[in-house]
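Before any comments, here is the structure.
The values are calculated or read from the model by the stated rules, or taken from the named source; none is laboratory data. Computed from a predicted structure; not experimentally measured. Positions of Cβ are generated from backbone atoms using ideal geometry, with glycine treated the same way; all protein chains shown enter the neighbour counts.
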Number of protein chains: 2
Amino acid sequence: MTSPLRSTLDFLLHDWLQADALTTRARFADHSRETFDAVLDTCERIARDRYAPFNRQVDTEEPRTEPDGAGGLRVVLPRCTHDARLAYAGSGMLAAAQDYELGGMQLPYLVEAVANTFFGVASVSIGSNLLTTGNANAILAHGTPLQQQVFAANEFNGRWAGTMCLSEPQAGSSLSDIATRAQPDEAPALAADGSASWNQDPLGPRYRLTGSKMWISAGEHELTENIVHLVLAKIPGPDGRPVAGVKGISLFIVPKRLVDADGRLTGERNDIALAGLNHKLGWRGTTNTLLNFGEGAYPVRGAAGAIGYLVGQPGDGLRCMFHMMNEARIAIGMAATALGLAGYYASLDYAKARLQGRPVGAGGKDAAAPQVPLIEHADIKRMLLAQKSYCEGALALNLYCARLVDDGRTGDAPAAAEAKLLLELLTPIAKSWPSENCLEANSLAIQIHGGYGYTRDFPVEQYWRDNRLNMIHEGTHGIQAMDLLGRKVLMQEGKALRLLAARVQATAAKARQIEALAPHAAQLSDALAQVAQATQAAWSTGKPAEALANAVPYLQAFGHVVLAWVWLDLALATLRGDASLKIAASAGRMGACRYFYHYELPRIAAWLAPVARRDATCAALPADAF
Amino acid sequence: MTSPLRSTLDFLLHDWLQADALTTRARFADHSRETFDAVLDTCERIARDRYAPFNRQVDTEEPRTEPDGAGGLRVVLPRCTHDARLAYAGSGMLAAAQDYELGGMQLPYLVEAVANTFFGVASVSIGSNLLTTGNANAILAHGTPLQQQVFAANEFNGRWAGTMCLSEPQAGSSLSDIATRAQPDEAPALAADGSASWNQDPLGPRYRLTGSKMWISAGEHELTENIVHLVLAKIPGPDGRPVAGVKGISLFIVPKRLVDADGRLTGERNDIALAGLNHKLGWRGTTNTLLNFGEGAYPVRGAAGAIGYLVGQPGDGLRCMFHMMNEARIAIGMAATALGLAGYYASLDYAKARLQGRPVGAGGKDAAAPQVPLIEHADIKRMLLAQKSYCEGALALNLYCARLVDDGRTGDAPAAAEAKLLLELLTPIAKSWPSENCLEANSLAIQIHGGYGYTRDFPVEQYWRDNRLNMIHEGTHGIQAMDLLGRKVLMQEGKALRLLAARVQATAAKARQIEALAPHAAQLSDALAQVAQATQAAWSTGKPAEALANAVPYLQAFGHVVLAWVWLDLALATLRGDASLKIAASAGRMGACRYFYHYELPRIAAWLAPVARRDATCAALPADAF
């Protein structure tokens, strides 16, 4: 029997996003619905067998450390985490979207994203594969051919894993304040030819890095023979001092174990020490670490300092890393969505099975009547429909973004440019909206379970804990909001916003032709106008401090309008395929759309009002008044 | 130095609720601001020394069981829990509001509630004293003089603890479906005089109870020499079958250890077995149990069946228990509020101490400028102000309700009746509003901490976990909403609602005279009208299923209007005492009030629209469409 998740993914992938059309492009010419289905079948099976059964185990058996025999610490993970990693790498999914030459499958990114949903729903934290793929993609985009061949290729094939090292204990959102330093390494090159110059190392200009990096997911483990850290650090300027601000930041490949130009381990450990594990509220299947680079715990060739190879140009580090961060942000949105869906399905099953009370009838309740399943109560249905509208809507949005990735890479020139621009605008929404609303969905899933939902005997409390991270990592809600209102809606004189508006209006125009959807279409057009007006009003004085004082409510409203558009477009696709709503799932999607317009979209007025009047209530209150 | 919590409590107690006026009533004639202050000082000290330092310990050292040597299990709690209980009982706070004859202090309930806030903020779960007080109060209200003397008095003096046993594994919100049975006990009386009749036991008509009770807080422990369970059970009717619905439910005192009419332990263990502990997401300092009554694990006089004494009349159990549940609901609101405040203070301290980034200035950000404390960022202020408005507002509402308790008990006859009616209306709000909004406050407290907030090295993640329970226990959100829209706003033809409206309008009328508050006053009157209109529209067809289909959004909107009223009244009190806002805290309160009107109150439109149109989107969706 097809699972509800699979049915939803099939609908989104084929009926809505028309993945078949991608197979007409040269890059995907070998593919067909059959090959896509085969990938989905495989991933669904691995997720069911190797991920889902162990989701609670990785929560209770948190990563721990033990002495590594070399004076340092190593991380111990449960067996199931090793097995899950092996199964995932064995499936080829690490390189699903890569070129055949890199050992990839040349799958559309969209199909890769759909397939990865199964793993996220089964256990979001057992694997940390998304960082490996993102890391390797950043090296592909900005590294030298040899860096690609040595590092990226060995990440895609599963030999090594990757991390991203941005934050430091004293610098989280404020990356311009990172203190990690990179000094040119004047020691003899590690390359076989013994060349002596730091910038003639075949793996790239060679530096010694010193500093601490915080919140590093999968920063230390023994799941793979090596770990490729991508590290932001500052190269001192001519005066010996680091350049202020983000302009001084460069990007480095810093492998845990040193390797030669053929990708063989040299047997030397790099000077990277695990300083400690972070003990988190959730997401415990993924090791999270504080790493000390270059403190001398593992001297390399007699000297302290972690060996790192420059990627791209000096001072260009943040731009290079952002390539990875944008992918990571969409991946976070997908993770939040997957957790939301997991809670939705769990609470739906519970609501269908658990007998409790009687519905309110015409004359109130009849205690002599038999009990009914929870799902017969109106408020339980409300909580299920809210979850459905949040999580399936978020899934659709994230897959829409994945399709934009494909269009940006393989579409016609004008369409590709448009897709890239639209993706830039939607990225903060794709990251923030699920992380806020699918967290709320998880809370509703607990609520449906009643007291049982508050116990660790049911899975929903873990989903809720796991999901709370997503508003924080890869750029907090506040950072996403500044990105949206401070940068994305302004870029190219608002071109991205106009692009989005055109797509929204196109959907509304189609919906206006259909009686059942016409009121939604009018509501959507009005909502879009409210957002446009608030955007303009926020910037009308030209003062960033005034415009951005209420950036988060703006982000929330913007997200709700985007989701309303997504839901209306989903409703159109539903009616295209099943105009008379014969299939129960079709009625469900129409119900979720209606729910979103009746209960959710009206919330934007309260969010946008402070934005539009540049409300200074918060910003102007002195610190001592709190 | 006065803590921010103490300053806020002093303001609410004296400047706003005018506690001094209570001392003119005969019952409180011995009291004065000085005696109130002394109680607050003592509680603040005990909470600081015996509660706060151990809040994390009771989270990590969860209650566990070990064999009790009699074939059953007993509960092991950390030492600090015993110490906290001893200190609390030693303070006399268990009987703070009771008569002198009962060993009480005859404090106003308001002052008791204020004093208890310190414990909730320091550690909400280390103690479970609220149930003991509520249990004893229910016995005072409905028990015989001897039941009061034996059971209630020994709870107030700290010798014994109390529980409330309502839910069963198969019956949570649906109490009419409880399966626990009570059969008259025909065995010889336990009383010293050896009287043989079941209904001549001096402790009350004697029954044997059989059944399982779930979610019993402090259901088993060795903090006290005995535990007094108040248990709902059904007495079989003449046909030997339990009466259907809530009418068949009676209330029983079922002590863990049997006692004689003088309150001495007889040495006999009652037939109550600990079946297991519930392992919860949070609130782990309080043991939560599944208890088996009467399964024969501890036979009494050779027979299975737990000995219980009827309280009140047969079939009157739910009404008697509701006396306790209403107090418990306000106590839950206070607990949620205390957790919210704890998170607010933690994140405020963090925001003042942590340097991160630079504020957005006229020309954007200047990376060369020194870093600023988090609190200088507009969005951090927004998150702090939201917390302040939620938590201080919730505290004010709960203390207002506490004052209503006093007015109901000791006010003049007409004022007392009014206070009782108003309290009935406000109870679902006092319980539900903090449990939803102070949970959100805790989430914002995590967000302000960034990644650190997601670790167990900081307290905020625990507050958030602890607080998630409050929307569930003592009647879920859905139950509170049905109570409000299905019962409370309708009772006495809407008299309670009219009473509330009159108080809201009185506040608005005063605020209209003050320029700074006049816009809020207009907004409040309008909001009140919206609620009244939605109430009427919901019931306009007279069909409960239609009226109640959106009861939770109604509850949310109603709560926000009540809180807006509270905040406007707090603003009036602030200006009365400090018209020129010379004190920083005054400016803070005015800011929180403004925040609530600018950012929160406008949310009601989105909640009330589905209520007013009796939106059937959720209720009408068939179960198979999800």
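Odds and ends about this structure:
- Filtered residues of region A:86-138 (kept if in a loop (DSSP other than H, G, I, E, B), more than 22 Å from residue A:17 (Cβ to Cβ) and among the polar types (S, T, N, Q)): A:91, A:123, A:125, A:128
- Of the numbered criteria (1) facing another protein chain (nearest Cβ under 10 Å); (2) modelled with pLDDT under 95, the one residue A:474 fails is (1).
- Total residues in region A:264-305, condition closer than 29 Å to residue A:202 by Cβ and touching a strand residue (DSSP E or B) at 6+ places or on another chain (Cβ under 9 Å): 23
- Residue A:402 away from every other protein chain (no Cβ under 12 Å), touching a Cys at 6+ places or on another chain (Cβ under 7 Å) and buried (at least 22 other Cβ atoms within 10 Å of the Cβ): no
- The residue pairs whose first member lies in region B:376-395 and is outside the structural domain of residue B:588 (by TED's automatic domain parsing), whose second member is modelled with pLDDT under 95, and whose beta carbons are closer than 7 Å, counting only pairs six or more residues apart or on different chains, are B:376/B:359; B:377/B:357; B:377/B:359.
- Checked against (1) within 14 Å of chain A (Cβ to nearest Cβ); (2) closer than 24 Å to residue A:439 by Cβ, residue B:483 passes all but a single condition, namely (2).
- Region B:154-182: number of residues that are modelled with pLDDT under 95 and either over 29 Å from the mean Cα position of the chain (by Cα) or of a type in the set (Asp, Glu) (or both): 1
- Selection status of residue A:365, under 24 Å from residue A:388 (Cα atoms) and either in contact with a Gly (Cβ under 6 Å, 6 or more places away or on another chain) or within 13 Å of chain B (Cβ to nearest Cβ) (or both): no
- Hey, residue A:426 more than 9 Å from chain B (Cβ to nearest Cβ) and more than 15 Å from the chain's Cα centre (by Cα) or not: no
- The lone criterion from (1) within 12 Å of chain B (Cβ to nearest Cβ); (2) more than 19 Å from the chain's Cα centre (by Cα) left unmet by residue A:418 is number (1).
- Selection within region A:216-240: residues that are of a type in the set (Asp, Glu) and touching a residue at least 12 places away in the same chain (Cβ under 8 Å). The member of this set that is surrounded by the most Cβ atoms within 10 Å (Cβ to Cβ) is A:220.
- Residue list for region A:379-403, filter: among the charged types (D, E, K, R) and within 15 Å of residue A:5 (Cβ to Cβ): A:388, A:392
- Candidates A:408, A:357 - the one that is within 12 Å of chain B (Cβ to nearest Cβ) and farther than 18 Å from residue A:585 by Cα: A:357
- The listed residue being surrounded by fewer than 24 Cβ atoms within 10 Å (Cβ to Cβ) and closer than 23 Å to residue A:396 by Cβ, out of A:89, A:96, A:122, A:70: A:96
- Matching residues, region A:607-620, being in a helix (DSSP H, G or I) and without any contact (Cβ under 8 Å) to a residue 12 or more places away in the chain: A:609
- Residue that is outside any loop (DSSP other than H, G, I, E, B), outside the structural domain of residue A:399 (by TED's automatic domain parsing), among the β-branched types (Val, Ile, Thr) and free of Cβ contacts under 8 Å to residues at least 40 places away in the same chain, where the choices are A:23, A:8, A:65: A:23
- Subset of region B:453-471 that is polar (S, T, N, Q) and more than 20 Å from residue B:163 (Cα to Cα) - its residue that is nearest to the other protein chains (Cβ to nearest Cβ): B:455
- Lone qualifier among A:77, A:166, A:175 - being in contact (Cβ under 8 Å) with a residue 40 or more places away in the chain, within 16 Å of residue A:217 (Cα to Cα) and surrounded by fewer than 24 Cβ atoms within 10 Å (Cβ to Cβ): A:77
- Subset of region B:587-626 (residues that are charged (D, E, K, R) and either at positive phi or more than 7 Å from chain A (Cβ to nearest Cβ) (or both)): B:589, B:600, B:613, B:614
- Checking each residue in region B:442-464 for being of a type in the set (S, T, N, Q) and crowded, with 22+ Cβ neighbours inside 10 Å picks out B:442, B:443, B:447, B:462.
- Checking the stated criteria, residue A:441 turns out to be closer than 30 Å to residue B:461 by Cα and more than 10 Å from chain B (Cβ to nearest Cβ).
- Of the candidates A:272, A:253, the single residue that is of a type in the set (A, V, I, L, M, F, W, C), over 24 Å from residue B:368 (Cβ atoms) and under 25 Å from the mean Cα position of the chain (by Cα) is A:253.
- Odd one out for residue B:40 among (1) surrounded by 13 or more Cβ atoms within 10 Å (Cβ to Cβ); (2) hydrophobic (A, V, I, L, M, F, W, C); (3) under 27 Å from the mean Cα position of the chain (by Cα); (4) farther than 14 Å from residue B:116 by Cβ: (4)
- Total residues in region A:486-513, condition surrounded by 15 or more Cβ atoms within 10 Å (Cβ to Cβ), within 14 Å of chain B (Cβ to nearest Cβ) and either assigned to a helix (DSSP H, G or I) or charged (D, E, K, R) (or both): 1
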